[in-house]
Amino acid sequence: MSTDIPDAIVVTGIGAVLPTGRGPEALWTAWREARPALSPYRDPYVRSRRITRFGHVPDELQKQGRDSVPHKLRKFGTPFTFNAVLAVQDAQRQAGKSWEAIPEERRGLYVAQDDSTDLSAAAFTKALDKARTDTSAQVGADLQRVVAEAFGNAATFNPFTVIRALNNNTLALVSIAERFRGDCAAFVQDAGAALSALQRALFSLRNGHCDTAVVVGAGSYNEALKLAGLYRAGQLSAGGHGRDSLRSFAPDRDGTVVGEGAVALVLERAEDAVARGARPLVEVLGTRLRPALDGGVGPADLAESARTLLAAHGMTPDMLGAVLADGKGTVHHDTAEIELLRTLLKDSRVPVSSVRPIVGTLGAAGPLAELALAPDLFAADELPPIAHLSTSPDEGTDFVTGSARKRRMDSVLSLHSTFNGFAGALLAKRPHTI
């Protein structure tokens, strides 16, 4: 058995730790059943009457993430980097036992992380609680240490703990826990980071910088200052519809619901995967990322950017099997995306759906979560509808509403927008083997 495209890059392992549970199948099932995983907002250190819904990773799964990290490393991580380690372990396991024979220096690691550090309201609360309850004679003299620990930057006292303060904490923890010593790169800030990490992994594999590439996206919007900023900017839903509050493209949409999670993918050259007996799950063709509306670029320009990505792989929009829309649920983002889709698809009747109402806006894990769904889309030849959307918001675009669409799908284009003025696209297809 050999692939029909010599330089094809395929995914052979997928791991996911998301509000819907562990693994891509949990996400796929929730999407098919129109079962949102948006729960009441909760946090042991933060109380809010305005932030009502959040895409929390289940508590038991959070514990599994922490348990997946060697005990001596746990004090250097954060909950979402623990989830990243668990997702990487699951992805490696699915990629097959022979993956372990790849030399550590030939394993590439490409990380996308939300713009998060250990500097947070929770970190200060924990540090101050410790100082308040500490009865030792040194507590006053150690005030500097308390502040340093709250910042997660106690390098003066223990140089190794500086990794807690890094925006690249996921890169540090995964590389140490899972023995990556090869080519690496780290990108920061929501969905754009994931698209960049994927593009770098494709480049490194095609140019022989590594023999396998693990791409992992992880993060959490559950930080008080970040949530407050999004709320003040009018990006968040008031939560009046309970778990159905993220109403992508619906007339009564009033904002997004943010969440947390981690997704990891094992990528390799298709001929290498076949040679070691691994099963290609999906072929990754490429990504595009560019300034969006907030950067002065309109929907027509973004549609042309997606068209350019398709053309680079010999495709036109009408050849697509499906489009996965971002569907953030804000009036601003969805209005612009409807125009983008109308311009891109132009009555092609390519079906459009979105998983966003199920899992929320995930940041750096978002694009990878949609890529993780591609094998199920191809296997089922079924595109689930946009939850809670009863009528199409645009007559010229085939939004999937009501029930799933049965259709042969050999390719999928996913679209993404960020809160910081960028938009991107990811193109993948069914892995063809002969």
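The values are calculated or read from the model by the stated rules, or taken from the named source; none is laboratory data. Treat the numbers as computed from the prediction; the structure is a model and nothing was measured. Positions of Cβ are backbone-derived with ideal geometry, glycine not excepted, and every protein chain shown enters the neighbour counts. Ligands, DNA and RNA are stripped out before the accessible areas are found, and what is left, the full protein with its side chains, is counted by its heavy atoms. Shrake-Rupley method; radii C 1.70, N 1.55, O 1.52, S 1.80 Å.
Checking every residue in the stretch 294-311 against the condition of being surrounded by fewer than 17 Cβ atoms within 10 Å (Cβ to Cβ), closer than 18 Å to D398 by Cα and among the hydrophobic types (A, V, I, L, M, F, W, C) gives zero matches. Candidates in the stretch 332-355 are the residues that are part of a helix (DSSP H, G or I) and of a type in the set (V, I, T); of these, the one that is least open to solvent (accessible area, probe 1.4 Å) is I338. Considering the conditions (1) open to solvent by 10 Å² or more (accessible area, probe 1.4 Å); (2) farther than 22 Å from V11 by Cα; (3) touching a helix residue (DSSP H, G or I) at 6+ places or on another chain (Cβ under 8 Å); (4) not charged (D, E, K, R), I358 is excluded by exactly one of them, (1).
On the basis of being among the charged types (D, E, K, R), open to solvent by 10 Å² or more (accessible area, probe 1.4 Å) and touching a residue at least 60 places away in the same chain (Cβ under 8 Å), does K429 make the cut? The answer is yes for K429.
Comparison of R32, R42, R22 shows that the only residue that is under 28 Å from R232 (Cβ atoms) and open to solvent by 30 Å² or more (accessible area, probe 1.4 Å) is R42. Checking each residue in the stretch 204-232 for being more than 20 Å from the chain's Cα centre (by Cα) and of a type in the set (F, W, Y) picks out only Y231. Looking across the stretch 298-331, just one residue is closer than 20 Å to I358 by Cα and assigned to a helix (DSSP H, G or I), and that is V331.
Selection of the stretch 59-81 for residues being assigned to a helix (DSSP H, G or I) and in contact (Cβ under 8 Å) with a residue 24 or more places away in the chain yields L61, Q64, G65, L73, K75, F76, P79, F80, T81. Listed conditions (1) over 18 Å from the mean Cα position of the chain (by Cα); (2) modelled with pLDDT under 95; (3) open to solvent by 20 Å² or more (accessible area, probe 1.4 Å) are all met by R288, apart from (1).
Mind listing whichever residues of the stretch 45-58 are in contact with a Pro (Cβ under 8 Å, 6 or more places away or on another chain), in a loop (DSSP other than H, G, I, E, B) and either buried (at least 21 other Cβ atoms within 10 Å of the Cβ) or among the hydrophobic types (A, V, I, L, M, F, W, C) (or both)?
Within the stretch 45-58, H56, V57 meet the criteria.
What tally of residues in the stretch 381-434 results from selecting those that are aromatic (F, W, Y) and in a loop (DSSP other than H, G, I, E, B)?
The qualifying residues number 1.
Screening R243 on (1) under 18 Å from the mean Cα position of the chain (by Cα); (2) farther than 24 Å from L73 by Cα shows it passes everything except condition (1).
Applying the selection to the stretch 256-285, what residues are small (G, A, S), crowded, with 24+ Cβ neighbours inside 10 Å and touching a Gly at 6+ places or on another chain (Cβ under 6 Å)? G259, A264, listed by residue number.
Among the residues of the stretch 83-100, what is the count of those that are among the hydrophobic types (A, V, I, L, M, F, W, C) and without any contact (Cβ under 8 Å) to a residue 40 or more places away in the chain?
Going through the stretch 83-100 one residue at a time, the tally reaches 0.
Residues being assigned to a strand (DSSP E or B) and open to solvent by less than 10 Å² (accessible area, probe 1.4 Å) are entirely absent from the stretch 362-379. Out of all the residues in the stretch 214-250, which are out of contact with any helix residue (DSSP H, G or I) (no Cβ under 9 Å at 6 or more places or on another chain), part of a helix (DSSP H, G or I), open to solvent by 30 Å² or more (accessible area, probe 1.4 Å) and hydrophobic (A, V, I, L, M, F, W, C)? A228, the sole residue that qualifies.
Restricted to the stretch 66-87, and to residues there that are modelled with pLDDT under 90 and among the basic types (K, R), the residue that is surrounded by the fewest Cβ atoms within 10 Å (Cβ to Cβ) is K72.
Taken over the stretch 390-415, the criterion of being at pLDDT below 95 and under 15 Å from S305 (Cα atoms) is satisfied by no residue.
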